[in-house]
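Inspection log for the structure reproduced underneath, given as structure tokens.
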Amino acid sequence: MFGTPERSLEQAYQAALSIKSIEDRYFHGGKVTVSTANDAQIPTSVQADFEKHLSILKQQMKEFNTSSSTQGNLGQDHLMRLFFTEGTLTKYTLEPQASALVPFSNNLPANTSFQLPTPPIQVIEVKQAIAPEKTRSRQLHRKNSRNSAPENAEPQVKAGVLPRSLERTINKIKNELDPNAEAEVVKSFRRSQKKTVVAIRLLALLILIPLITQQVSKLYLVQPIVDRVRNEAVTPVFLNSEMKEEALKELQTFEEELKLERLMGAAPALTSEAIEEKVKDKAAEISQEFRHRSNNAVSNVFADIIAVLSFALVLVWRRKDIMMLKSFMDNIVTGLSDSAKAFSIILITDIFVGFHSPHGWEVLLEGLSSHLGIAANRGLIFLFIATVPVILATIFKYWVFRSLSRMSPSTVATLKEMND
């Protein structure tokens, strides 16, 4: 029914990283609180994203705890992730008076058996080992703002009254016996389903609307205006020298074919005047064809501008759904195994910055030039190929070194093995 412990731990770890990102971006590295979440400067989608990541974190840790017998076989990387994940989960489960999204009342019933532990539990955050330089300044800022904690105090993990495995088992039983558990699962599923529909709809709009706008505006708005203006005015037939060379080559080929047919006896003998008349008719036909191609290239320029504007309007119109689309894409990437992630990275990088990528860039740039009616400059194309893929490769290597090695060390290890 459940996935492997490593898969559950990986998904819980990614959810914990997302929560940590929300804390760093909107709450200055502190815990998400109700008073801060209601700030007008914070997007309304932050609370929904936080609820989603916290729900994923709790669910995946439950699935991981059901297979606790295999935790002894985990490697050092998995233990560090487990430590960081449990630290993040502890912040939102052991302090109900400062809970993130549901305000708790301090006036608890007198006969309740729920009590917070008297000594506050200090959690060692693995983020210090993950990004020491980035988090040291935040910790110093937090230490100065908390006068109650001594400056030289080192974080410690204090053992609870009951063993950790027994507490997990008790919590698992309590969650399974909770009468509202099924309703919460259904509610969470419907919320996730709604976000998925919104994300897919936005992705479809971002792809289809610019394409449809480009075609419709070109056929019914731009091209009729361009044809009328260029036909009425004295405009050149060819937009660039490449078109002229192509037309000249086509006309020479036609004239040579006429001579070949006459010499082979496949066509009746023609006088020089008749041959010149046929060549003149062919030249008029070629002129009309290249005038249409020139008009089409000019129309493409204006239609592409309109398509870019429509793309920007969709982003502005549905800007509230961009966070949902980002979360949807993150979930897809997170759900991939380490081997699938490494395979996708190698495939994309080999296409754009690999050994055979210059040929692909050359075809793309020549096609773009023909689409816009611009003469393909071989020198500029070769300069582009010599610089842009190198810059992209450098950025990719830096991203692997700085970000991917922190988010998924196992993916980096798999990527190195596949490259070797």
Is it the case that the range 190-213 has a residue that's open to solvent by 100 Å² or more (accessible area, probe 1.4 Å) and at pLDDT below 85? no
Any hit, the range 230-238, residues being surrounded by fewer than 12 Cβ atoms within 10 Å (Cβ to Cβ), among the aromatic types (Phe, Trp, Tyr) and farther than 15 Å from MET324 by Cα: no
Selection from the range 323-338 of residues in contact with a helix residue (DSSP H, G or I) (Cβ under 6 Å, 6 or more places away or on another chain) and either over 12 Å from ALA199 (Cα atoms) or open to solvent by 70 Å² or more (accessible area, probe 1.4 Å) (or both) yields THR334, ASP338
Filter result for LEU263 (free of Cβ contacts under 8 Å to residues at least 60 places away in the same chain and under 51 Å from the mean Cα position of the chain (by Cα)): no
Members of the range 356-381 that are farther than 30 Å from HIS292 by Cα and open to solvent by 70 Å² or more (accessible area, probe 1.4 Å): HIS356
Tell me the residue from GLU273, GLU256 that is exposed (fewer than 12 other Cβ atoms within 10 Å of the Cβ), more than 30 Å from LEU325 (Cβ to Cβ) and at pLDDT below 85, please. GLU273
Considering residues that are closer than 15 Å to SER294 by Cα and among the β-branched types (Val, Ile, Thr), the number found within the range 211-257 is 7
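The values are calculated or read from the model by the stated rules, or taken from the named source; none is laboratory data. Predicted model, so just to flag it, every value in this text is computed and none were measured. Note: ideal-geometry Cβ built from the backbone for every residue, glycine included; neighbour counts use all protein chains shown. Surface accessibility is based on the protein's heavy atoms, side chains included, excluding ligands, DNA and RNA. Shrake-Rupley method; radii C 1.70, N 1.55, O 1.52, S 1.80 Å.
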